[in-house]
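Data first, discussion second: the structure below is written as structure tokens.
The values are calculated or read from the model by the stated rules, or taken from the named source; none is laboratory data. Computed from a predicted structure; not experimentally measured. Methodologically, a virtual Cβ is constructed for each residue, glycine included, from the backbone with ideal geometry; neighbour enumeration extends over all protein chains shown. Heads up: the accessible areas ignore ligands, DNA and RNA and are worked out on the full protein's heavy atoms, side chains in. Shrake-Rupley method; radii C 1.70, N 1.55, O 1.52, S 1.80 Å.
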Amino acid sequence: MIVGGNWKCNLTRAKALELAEQLNELDTTDVEVVVAPVALHVPLVQAKLKRAVSLAAQNCGFAGNGAYTGEVSAEQLVALEVPWVIIGHSERRTHFREDDDLLAAKLDDALKAGLRVIFCVGESHAERAAGQTVEVCVRQLAGVLRLPRFTPARVVLAYEPVWAIGTGLVATPAQAQQTHAALRAHVARERSAEVAARLRIQYGGSVSAANCAELAALPDVDGFLVGGASLRAAEFATIVRSCASASAPAFGPFMADWLAYPALGAATLLPAFVPVHPYVHMIVLASTIVYVGCHRALAQSALAPGVTTAETVTQKEAMRFPLYGSAVLVGLYAVVKLVKKEYLNALIACYFFVLGAGAVQQAVRAPLQALPAVRRLKTHVWRVNWQFWDKDAPAEKVEFNALDVPLLVIGLALSFAYTRTKWWVLANCLAVCFSVCAVEMLTLGSFQIGCMLLSFLFAYDIFWVFGTEVMVTVAKGIDAPIKLLFPKHLRADKPEFSLLGLGDIVIPGIFVAMMLRFDARRGLRALPYFKSGMVAYVLALLTTVGVMHFFEAAQPALLYLVPGCLGAAFATAAVRGELAPLWRFSEEEADEGEAGTEGRGAGAKRE
Ligand code: PGA
């Protein structure tokens, strides 16, 4: 669901800032919120707003920079880190005579520049009276639906009957649902069922606290574009919440969230006190990390591009990864062999001290942030230019609340305790936090890049483990939380451990996380790709420990994990007849011409 607040040509500088301040208190869980101040106020409001609320411009030019007096170009908005723009609002169509051709040119220019667009359509009173509602909207969409960049990831449609805008007259639920469904059917015919199912269609026109709940519950209404009511923070908050309650979490975990985190905590800490077989310990802990990481990654993918902190692996990076990885590995091997162990470990300890504290804070923050009491904490925003030597470098927002301070202290204490004691339980705590964050934050750009990265690493792992002693020497020689440790017994005198490198969790983890996003993208509420990926991961780990035990030799786990995870994805797609869409799956944009989706039919609503 997505809610836009169109402030139109309202508010003074002071009032705009006051409203932005109030919006920082907004609960935006499960709803994307975008507000559009006048262009002049955009940077001011931007500096005030927290990450959870995105910014839109109310208009942009049609042909980039140049001799266009009075215009603001899409390019300039992007440079200012404004992610959204509203195009085609009826007030621009009427008062500024913007016609369909001009609006299509604006949309094209905005999409080329990289903006996301709320594109408005709607009929006048006379046109509705003449029964021409759908015909008019379809005509307004004719030029824009042909644009190749018109994808559900980039464009949100707003159906705004002109007679309802600013008049207090609101479309009845039946009128809104009928028009939204007709527009979706039209998009399905013109583009594809997949595009239509994923396209978010907002309703706009006198939306208020009084009528929002009924409208938000309609199956084809995916949010609102709000004018007048968006100027009143409390009323806007009610409208946003109405969308949150209407958007049933269609792709929630199949193990409840509240169970996943305690399970992860127990899998990390319990074996310190109760003897657990190292193989059981390994399989339970590694798969729980992958499970939690995948769901956090899904939550990240639902955030707007400017809001998410996830990093995408490009094709080039995927190809270079084994080379760089090998260089680092050989470097570390030389260091392990040549440098005195004490010096090396002191250096590594300093490095992981800082990194570990950050990872603990980040890993623990997300689940706590979901608690209502924590959400009510005041968020402070700092804008920091990390490149302080370059005055023009864009400043980044740093947000924190009262929870962050104790979390950072806990992170530092944990890192410090680990550096001093080297206790394996503390090493595992840090390693768990590292790997959960890595699975959450690393995104494979597409299925093909995922296949490429996993295949390269498959070869890399086998070469360095089987072909040489390098990997095993480095893994055993470096005393750092880059691996999970599973004690074979709990005697303190001479501990012995089984090891699992974090790469064996993170690499398959980011692939399974992509499969979960594929499920979500296709509206598959049973999560077949995610579940088969998880099962494959567990089975492949079982195979690894089986072989390790039988041959009493270290095993490159990716030897089993890569074919397992890739095989599960291909097999699931083959059984479901979805090989082509899976192969074409890209995280960025909707794939064109795909087969129909189950999303709408299952009553799913996009969040
Ligand atoms: P309104 O405006 O909510 O004040 O009717 C809607 C809009 O113009 O987007």
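Here are a few things to note about the model shown:
- Taking every Cα-Cα distance in segment 376-514 and sorting them into 10 Å bins starting at zero, the pair-distance distribution P(r) comes out as 9, 25, 29, 25, 10, 1 percent.
- Debye log10 I(q)/I(0) at q = 0.15, 0.27 Å⁻¹ for segment 163-219, Cα point scatterers: -0.47, -1.06
- Amide hydrogen neighbours beyond the local backbone of V313, cut-off 5 Å, H modeled: T443, L444, G445
- Report note on the peptides 199-211, 99-111, 286-298, 262-274: ranked by the mean count of other C-beta atoms within 10 Å, highest first, their order is 286-298, 199-211, 99-111, 262-274.
- Between the beta carbons of T167 and T29, assuming R0 = 30 Å, the FRET efficiency works out to 0.40 to the nearest 0.05.
- The length gained on full extension between K476 and N401, counted as 0.36 nm times the residue separation minus their Cα-Cα distance, comes to 23.0 nm.
- Cut-off 12 Å between beta-carbons: net charge of the residues surrounding W424, Lys and Arg +1, Asp and Glu -1: +1
- A simple charge model with +1 on the Cβ of Lys and Arg, -1 on the Cβ of Asp and Glu and nothing else charged puts the dipole of segment 2-247 at about 240 debye relative to its Cα centre.
- Projecting the Cα atoms of L368, T151, G265 onto the dipole axis of the chain, where Lys and Arg carry +1 and Asp and Glu carry -1 at the beta carbon, places G265 farthest toward the positive end.
- Cut-off 12 Å between beta-carbons: net charge of the residues surrounding Q132, Lys and Arg +1, Asp and Glu -1: -1
- Note that segment 89-216, at 25 °C in a medium of 0.890 mPa s, gets a Stokes-Einstein diffusion coefficient of 164 µm²/s from its Kirkwood radius over C-alpha pairs.
- Reported value for segment 430-494: 125 Å³ per residue, from the convex hull of its C-alpha atoms.
- Neighbourhood net charge (12 Å Cβ-Cβ; Lys/Arg +1, Asp/Glu -1) for P173: -2
- Look at the dipole of the chain built from charges on Cβ: of G477, V354, L377, the Cα furthest out on the positive end belongs to G477.
- Diffusion coefficient, µm² s⁻¹, Stokes-Einstein with Kirkwood Rh over alpha-carbon pairs of segment 2-247 at 4 °C and 1.567 mPa s: 72 µm²/s
- Cα pair distances of the chain binned at 20 Å [whole percent]: 18, 48, 28, 6, 0
- At q = 0.08, 0.13 Å⁻¹, base-10 log of I(q)/I(0) for segment 254-591 (Debye sum, equal scatterers on each alpha carbon): -0.40, -1.10
- Annotation for A213 and A413: the two label points, set 7 Å from Cα along the Cα-Cβ direction, are 4.4 nm apart.
- Heavy-atom accessible surface of segment 132-200, averaged per residue, reaches 37 Å², computed with a 1.4 Å probe.
- Modelled FRET efficiency - R0 25 Å, A14 with E71, Cβ distances, 0.05 increments: 0.40
- Put simply, segment 1-111 fits an ellipsoid with semi-axes of 25, 15, 14 Å; these come from the alpha carbon gyration tensor as the roots of five times its eigenvalues, largest first.
- Annotation: extensible slack from A459 through A234 equals 75.3 nm (criterion: 0.36 nm per residue apart, minus Cα-Cα distance).
- Under the membrane-span-like helix rule (DSSP H runs whose alpha carbons stretch at least 30 Å along the helix axis, mean Kyte-Doolittle hydropathy -1.0 or higher), the chain yields 278-301, 315-338, 341-369, 528-551.
- Sequence-distant residues sharing a close amide H with A57 (under 5 Å, placed H): W84, V85, I86
- Over the C-alpha atoms of segment 341-451, the Rg to Rh ratio, Rh being the Kirkwood estimate, stands at 1.05.
- Cβ-Cβ FRET estimate between A174 and K337, R0 fixed at 51 Å, reported to 0.05: 0.10
- Rg(Cα)/(2.2 N^0.38 Å) for segment 510-569, N = residue count: 1.28
- Protection proxy ranking, peptides 451-464, 568-581, 334-347, average beta carbon neighbours within 10 Å, highest first: 451-464, 568-581, 334-347
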